[in-house]
Amino acid sequence: MEPRTLFDKIWDAHTVKSVEDGPDVLYIDRHYIHEVTSPQAFLGLRQRSIGVFRPEKTTAVADHNIPTTDQHLPIRDAVSRAQVEALADNCRVAGIEYFGIGHHNNGIVHVTGPELGKTLPGMTIVCGDSHTSTHGAFGTIAFGIGTSEVEMVLATQCILQARPGRMRITVNGELSKGVTSKDLILYIISSVSTSGAAGYFVEYAGEAIKSLSMEARMTICNMSIEMGARGGLIAPDEITADYLSRIPSFNRNPEAVSLTENWLSLRTDPGAVFDRELEFDASSVPPMITWGTNPGMGMAVDGKIPEADQPGPGGNDSFLKALEYMDFKPGMKLLGYPVDYVFLGSCTNGRIEDLRAFASMVEGRQKAPGVTVLIVPGSQQVARQAEEEGLTEIFKRAGFAMRQPGCSSCLAMNDDKIPPGKYAVSTSNRNFEGRQGPGARTILAGPLAAATAAVTGRITDPRKLIRVCD
Amino acid sequence: MNRRKFTILESTCVPLPLENVDTDQIIPARFLSATSREEFGKNLFRDWRYDKNGNEIKDFVLNRPEYGGSILVAGSNFGCGSSREHAVWAIADYGFRAVVSDSFADIFRNNALNNGLLPVEIPTGMLSDLTEQIGANPGIIVKIDLERQIITADETGMSVPFAINSFRKQCLLSGLDNISFLVNMRSRIIEYEKSRGGPG
Ligand code: SF4
């Protein structure tokens, strides 16, 4: 048989039917839903008078618009409250498992799924959220869909989907001290651009990827969408197996051992052909920040904003518009630039490892005066673990408070908005205009650079503050 | 359920020649709390269209009286970012029936097709020309013929074929929605599940 890619193996195994010169009918193993992109899908089902086809394959959380303080109280904003209540009702009627606000399994949909052992290698996974690509870290085909497609999955457990192209990004070598997987993915995106992988599904490979923890791999796959890719995945290996073996629900599965053995053979055959291949050297990746209004507008933390963008339809206009919005100038350096807010959280960097990284930098230091810092754990489980490991205490001593889990300032649907004109160093995934609130100016970075900004009040190179013994 | 059919569209255009317009710009997150599909059009491009006091920003294209019509002529990688279908609902609710660009973000393209909004992809050079000509003469009429898969503008002499897969095209021409197509396949899906050892 022809050598095949990991992506093709999973896709083919889930193709119910190929529509001639059309999309494939793809079967979905796991469907995650949340309050913002699901209500109209349930409404559609009611209008068609049909029920949910396989409710046991869907899991719901409230995460996008919920407050991150006083979660025991009713949500103050009436429209948000109605949306969360609609989700709870829809799940109850359909028999869908629902982890609402305050539930011990609640959190950001892409943080809780893997934690609870619901994301498993070889699966097809969708959610009405573009960062569903996160789950690709487990060797799954996982991608974001629109609400009509959410309705398709609820109605039939399938969606219509054209097969994307195959792309492989190989990262050789080793990341330097003070450089995180967030820096690596920002580096890759800044090199391929925000649309550079459009039409492709990316497999990440190479020594640098293989040496990453599951959390770090999730950060990489999470941001695949920011270079336009349909999704990204990494072949399962011992690190994947080890992560899963620590999940209680997975361990109770009598087939855990044989499943794990199968997964370890899930990989791209030698000689399989990709439509596009890129290679990077991890050792040349610096700590990264963004200077513009899309995630492709990134540079080394001590680098310079470009002088101009390539001309194209709207090219330089978009470049100048971005700089005007950020109030930066072409060719400017940002090292030492003062910032107003720091946000640690989101489905990109709201996991326990990210909190540990942040804590390692702020321990024994103090929050800079004048900086507002939001530390938002990705889930209740992350919050509990941070407490047990003493991270919460380290934050407290350094002058920071931890909030309750949710998407929070990543998209600022709740009260966690960055005020107009203010600069925020954020570990989230998008620096679009107004993403963190109308007029907010977002500088994307990894958890270490976020921590150094929190204690210095400025854009600071984390390599300068990192402790030698770390 | 059936949707409005798409056959031939003839209209003036609204030019928005910016690259990488993301769905957060098309419809900001703070307007996503509704639970129905209606009325998103009034907040389309909200923060480019209105200032913080709710006054129209005069030079934004939607506020310029010389431009109007049901075709949006956009820049590269239109609709990137969040998967929110609200972006498509907002564009369609505002009155657009087609978006022309040289490239679309994948999720946006699917969302558009699922809502009867036609994404038309034309070569970059053609797009720059078209945008420029609309700028010079906002009255130019563009004709999109889905059956023949061709986009033309008599005033400028433009005539370009565009690609769309035949399944999607048939759905748009007939107004059949894809969800009904899948629902009609449920027995086949059950067979597939059995072949894998049951729905579990
Ligand atoms: S944290 Fe941000 S990117 Fe992730 S699911 Fe929530 S809103 Fe989306």
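Yes/no per residue for (1) without any contact (Cβ under 8 Å) to a residue 60 or more places away in the chain; (2) open to solvent by 30 Å² or more (accessible area, probe 1.4 Å); (3) outside the structural domain of A:Val126 (by TED's automatic domain parsing); (4) not aliphatic (A, V, I, L, M):
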{"position": "A:Met223", "(1), (2), (3), (4)": "no, no, no, no"}
{"position": "A:Met227", "(1), (2), (3), (4)": "no, no, no, no"}
{"position": "A:Arg230", "(1), (2), (3), (4)": "no, no, no, yes"}
{"position": "A:Leu233", "(1), (2), (3), (4)": "no, no, no, no"}
{"position": "A:Thr240", "(1), (2), (3), (4)": "no, no, no, yes"}
{"position": "A:Ser245", "(1), (2), (3), (4)": "yes, yes, no, yes"}
{"position": "A:Phe250", "(1), (2), (3), (4)": "no, no, no, yes"}
{"position": "A:Glu255", "(1), (2), (3), (4)": "yes, yes, no, yes"}
{"position": "A:Ser258", "(1), (2), (3), (4)": "yes, yes, no, yes"}
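Could you tell me which numbered condition A:Arg441 fails, if it satisfies all but one of (1) within 14 Å of chain B (Cβ to nearest Cβ); (2) away from the ligand (no atom under 16 Å from the Cβ); (3) without any contact (Cβ under 8 Å) to a residue 40 or more places away in the chain?
It is condition (3) that A:Arg441 fails.
I need a count of the residues in segment A:361-395 that are of a type in the set (Lys, Arg) and under 30 Å from A:Ser80 (Cα atoms).
Count: 1.
What are the pairs with Cβ atoms under 7 angstrom where one residue, in segment B:49-71, is touching a residue at least 24 places away in the same chain (Cβ under 8 Å) and the other, located anywhere, is among the aromatic types (Phe, Trp, Tyr)? Sequence gap at least six, or different chains.
Within 7 Å, the pairs are B:Val61/B:Tyr67; B:Leu62/B:Phe45; B:Ser70/B:Phe96; B:Ile71/B:Phe96.
Consider A:Val171 carefully, then state whether it is in contact with a strand residue (DSSP E or B) (Cβ under 8 Å, 6 or more places away or on another chain), part of a strand (DSSP E or B), modelled with pLDDT of 95 or more and within 16 Å of the ligand (Cβ to nearest atom).
In short, no.
Any idea which of A:Thr156, A:Thr132 is open to solvent by less than 10 Å² (accessible area, probe 1.4 Å), more than 15 Å from the ligand (Cβ to nearest atom) and in contact (Cβ under 8 Å) with a residue 24 or more places away in the chain? Walk me through it before giving the result.
Working: A:Thr132 fails: more than 15 Å from the ligand (Cβ to nearest atom).
Going through A:Thr156, A:Thr132 in turn, just one is open to solvent by less than 10 Å² (accessible area, probe 1.4 Å), more than 15 Å from the ligand (Cβ to nearest atom) and in contact (Cβ under 8 Å) with a residue 24 or more places away in the chain: A:Thr156.
Among (1) among the small types (Gly, Ala, Ser); (2) within 16 Å of the ligand (Cβ to nearest atom); (3) more than 14 Å from chain B (Cβ to nearest Cβ), which single condition is A:Gly399 missing?
The failed condition is (2).
Tally time: how many residues in segment A:55-83 are without any contact (Cβ under 8 Å) to a residue 24 or more places away in the chain and either within 16 Å of the ligand (Cβ to nearest atom) or of a type in the set (Val, Ile, Thr) (or both)?
Residues meeting the conditions: 1.
Within the group A:Leu323, A:Leu334, which residue is more than 16 Å from the ligand (Cβ to nearest atom), open to solvent by less than 40 Å² (accessible area, probe 1.4 Å), closer than 30 Å to B:Met126 by Cβ and modelled with pLDDT of 95 or more? Quick ask: steps written out before the conclusion?
Numbers: A:Leu334 fails: closer than 30 Å to B:Met126 by Cβ.
Within the list A:Leu323, A:Leu334, the selection yields A:Leu323.
Which residues, counting only those in segment A:420-435, are more than 17 Å from A:Ile185 (Cα to Cα) and either near the ligand (Cβ under 10 Å from one of its atoms) or more than 10 Å from every other protein chain (Cβ to nearest Cβ) (or both)?
Passing the criteria: A:Gly421, A:Lys422, A:Tyr423, A:Ala424, A:Arg435.
Working only within segment A:337-354, note down all residues that are within 11 Å of the ligand (Cβ to nearest atom) and not in a strand (DSSP E or B).
Within segment A:337-354, A:Gly345, A:Ser346, A:Cys347, A:Thr348, A:Asn349, A:Gly350 meet the criteria.
I'd like to check something: does segment A:144-153 contain any residue that is in contact with a Ser or Thr (Cβ under 8 Å, 6 or more places away or on another chain) and small (Gly, Ala, Ser)?
yes
Name the pairs whose Cβ atoms lie under 8 Å apart, with the first residue in segment A:338-352 and under 15 Å from A:Pro114 (Cβ atoms), the second away from the ligand (no atom under 11 Å from the Cβ) and open to solvent by 10 Å² or more (accessible area, probe 1.4 Å), and 6 or more positions between them or separate chains?
A:Arg351/A:Glu215; A:Ile352/A:Glu215; A:Ile352/A:Gln385; A:Ile352/A:Glu389
Before we move on, is A:Gln404 among the polar types (S, T, N, Q), within 16 Å of the ligand (Cβ to nearest atom), within 26 Å of A:Gly117 (Cβ to Cβ) and crowded, with 21+ Cβ neighbours inside 10 Å? Before you say what the answer is, go through the steps one by one.
On the way: among the polar types (S, T, N, Q): yes; within 16 Å of the ligand (Cβ to nearest atom): yes; within 26 Å of A:Gly117 (Cβ to Cβ): yes; crowded, with 21+ Cβ neighbours inside 10 Å: no.
Answer is no for this residue.
Give the residues of segment B:82-100 that are within 9 Å of chain A (Cβ to nearest Cβ) and not aliphatic (A, V, I, L, M), sorted by residue number.
Listed by number, the residues that qualify are B:Ser82, B:Ser83, B:Arg84, B:Glu85, B:His86, B:Trp89.
Could you please let me know if A:Ala453 is away from chain B (no Cβ under 14 Å), at pLDDT 95 or above, open to solvent by less than 20 Å² (accessible area, probe 1.4 Å) and away from the ligand (no atom under 16 Å from the Cβ)?
yes
Please state which one of B:Ile134, B:Ile122, B:Ile141 is more than 8 Å from every other protein chain (Cβ to nearest Cβ), of a type in the set (A, V, I, L, M, F, W, C) and open to solvent by 50 Å² or more (accessible area, probe 1.4 Å).
Numbers: B:Ile134 fails: open to solvent by 50 Å² or more (accessible area, probe 1.4 Å); B:Ile122 fails: open to solvent by 50 Å² or more (accessible area, probe 1.4 Å).
Just a single option satisfies the conditions, and that option is B:Ile141.
Which condition number in (1) open to solvent by 10 Å² or more (accessible area, probe 1.4 Å); (2) away from the ligand (no atom under 16 Å from the Cβ) is the one that A:Val371 fails?
It fails just one condition, (1).
For segment B:9-65, how many residues meet the condition of being within 16 Å of the ligand (Cβ to nearest atom), facing another protein chain (nearest Cβ under 9 Å) and over 21 Å from B:Val100 (Cα atoms)?
Qualifying residue count for the region: 5.
Restricting to segment B:101-113, name every residue that is closer than 23 Å to B:Glu39 by Cα, facing chain A (nearest Cβ under 7 Å) and touching a Cys at 6+ places or on another chain (Cβ under 9 Å).
Passing the criteria: only B:Ile107.
For segment A:63-99: of the residues being within 12 Å of chain B (Cβ to nearest Cβ) and part of a loop (DSSP other than H, G, I, E, B), which is modelled with the lowest pLDDT?
Looking at residues that are within 12 Å of chain B (Cβ to nearest Cβ) and part of a loop (DSSP other than H, G, I, E, B), I get A:Asp77.
Just to be sure, is B:Gly139 touching a residue at least 24 places away in the same chain (Cβ under 8 Å) and over 20 Å from the mean Cα position of the chain (by Cα)?
Working: touching a residue at least 24 places away in the same chain (Cβ under 8 Å): yes; over 20 Å from the mean Cα position of the chain (by Cα): yes.
In short, yes.
Taking the conditions exactly as written (away from the ligand (no atom under 15 Å from the Cβ), surrounded by fewer than 24 Cβ atoms within 10 Å (Cβ to Cβ), away from every other protein chain (no Cβ under 14 Å) and farther than 26 Å from A:Asp415 by Cα), does A:Val52 satisfy them or not?
No; evaluated as a whole, the condition is false for this residue.
Say whether the condition of being out of contact with any Asp or Glu (no Cβ under 9 Å at 6 or more places or on another chain), open to solvent by less than 70 Å² (accessible area, probe 1.4 Å) and touching a residue at least 60 places away in the same chain (Cβ under 8 Å) is met by at least one residue in segment B:182-196.
No, segment B:182-196 contains no residue that is out of contact with any Asp or Glu (no Cβ under 9 Å at 6 or more places or on another chain), open to solvent by less than 70 Å² (accessible area, probe 1.4 Å) and touching a residue at least 60 places away in the same chain (Cβ under 8 Å).
Could you run through segment A:248-289 and say how many residues are in contact with a helix residue (DSSP H, G or I) (Cβ under 7 Å, 6 or more places away or on another chain) and among the β-branched types (Val, Ile, Thr)?
4
The values are calculated or read from the model by the stated rules, or taken from the named source; none is laboratory data. Note that the structure is a prediction, hence the values are computed from the model and not measured. Don't worry about glycine lacking a Cβ; one is built from the backbone with ideal geometry, like all the others, and counts go over all protein chains shown. Note: accessible area is taken over every heavy atom of the protein model, side chains too, but ligands, DNA and RNA are not part of it. Shrake-Rupley method; radii C 1.70, N 1.55, O 1.52, S 1.80 Å.
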